[in-house]
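Right, one structure below, let's go through it.
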Amino acid sequence: MPRTLPEGILEYFARRSKPELGVVHESAHKDAAAQAYLREMVSVIVADRLALAREHLASARRALQRPPQPRMAISRAYYAMYHCLRATVFFEEHGDFDGHTDLPAHLPRTFPNRGLWYRALRDARFNRNEVDYSPYPRDTTSLQPTARQMVADADGFIGECDTYLRSKGWTK
């Protein structure tokens, strides 16, 4: 089973594009054991990406505690959403897509509240860029409402992705 594969192999497959993994899926289409193996590998990769998203969300929550670090909370909340979306796209498209700018466009067409989440993802990336690359504002107190909202959004998005993936047949 893929759970016993070295991380390097899982990482290799986790970073393959849709066309690259399409070749693997095509070559396994006549072999039931190979198909089951690939499904399990995809399931493990999706679970690992969701676990990473949850780690980032936990970091974002800690950054809201005293003393609050809203820049850190915004950045980690964005990455929670980003990795969660990568997991969802990997499952749906059978391949990785990691481009920050274009990734929200890969949100599945059947995803609940797609327009709302598309905007939330786009705005989260914008906010993350602002806090990661600009030294202003120096007093980060004004960033706290944005940080709290992004942590809430990340939490909601992870839950929505989990529900969506399960409805599409993903199991841990």
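The values are calculated or read from the model by the stated rules, or taken from the named source; none is laboratory data. If you're wondering where the values come from, they're calculated on a predicted model, not measured in any experiment. FYI the Cβ positions are ideal-geometry reconstructions off the backbone, even for glycines, and counts take in every protein chain you see.
Being within 24 Å of Leu10 (Cβ to Cβ), in a helix (DSSP H, G or I) and out of contact with any helix residue (DSSP H, G or I) (no Cβ under 6 Å at 6 or more places or on another chain) is true for just one of Arg148, Arg166, Arg119. Which residue is that? Give the derivation first.
Working: Arg148 fails: within 24 Å of Leu10 (Cβ to Cβ); Arg119 fails: within 24 Å of Leu10 (Cβ to Cβ).
After ruling out the rest, the residue left standing is Arg166.
For region 131-172, the candidate set comprises residues that are among the acidic types (Asp, Glu) and in contact (Cβ under 8 Å) with a residue 12 or more places away in the chain; within that set, the residue that is nearest to Ile45 (Cα to Cα) is Asp162.
Every test in (1) in contact with a His (Cβ under 8 Å, 6 or more places away or on another chain); (2) modelled with pLDDT of 90 or more is passed by Met72 save one, and that test is (1).
For first residues located in region 22-47 and at pLDDT 80 or above, partners that are assigned to a loop (DSSP other than H, G, I, E, B) and of a type in the set (S, T, N, Q) and lie 6+ apart or on another chain with Cβ distances below 8 Å form the pairs Ser43/Thr171.
If you go through region 130-172 one residue at a time, how many are surrounded by 14 or more Cβ atoms within 10 Å (Cβ to Cβ) and over 16 Å from the mean Cα position of the chain (by Cα)? Steps first, please.
Looking only at region 130-172, we keep the residues that are surrounded by 14 or more Cβ atoms within 10 Å (Cβ to Cβ), and these are 130-131, 140, 143-144, 146-151, 153-158, 160-162, 164-165, 170.
If we keep only those that are over 16 Å from the mean Cα position of the chain (by Cα) as well, we get 130-131, 140, 143-144, 146-149.
Number of matching residues: 9.
Checked against (1) assigned to a helix (DSSP H, G or I); (2) closer than 13 Å to Phe90 by Cα, Arg16 meets all criteria but (1).
Evaluation of Arg62 against the conditions (1) under 17 Å from Gly95 (Cα atoms); (2) assigned to a helix (DSSP H, G or I); (3) free of Cβ contacts under 8 Å to residues at least 24 places away in the same chain; (4) over 16 Å from the mean Cα position of the chain (by Cα) shows that the sole unmet condition is (1).
For every residue, the table says whether it meets (1) surrounded by fewer than 16 Cβ atoms within 10 Å (Cβ to Cβ); (2) touching a Leu at 6+ places or on another chain (Cβ under 9 Å); (3) within 14 Å of Asp155 (Cα to Cα).
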site: Glu7; (1), (2), (3): yes, no, no
site: Leu10; (1), (2), (3): no, no, no
site: Ala58; (1), (2), (3): yes, no, yes
site: Pro70; (1), (2), (3): no, yes, no
site: Tyr79; (1), (2), (3): no, yes, yes
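Filtering region 93-120 to residues that are among the charged types (D, E, K, R) and in contact with a His (Cβ under 8 Å, 6 or more places away or on another chain) leaves only Glu93.
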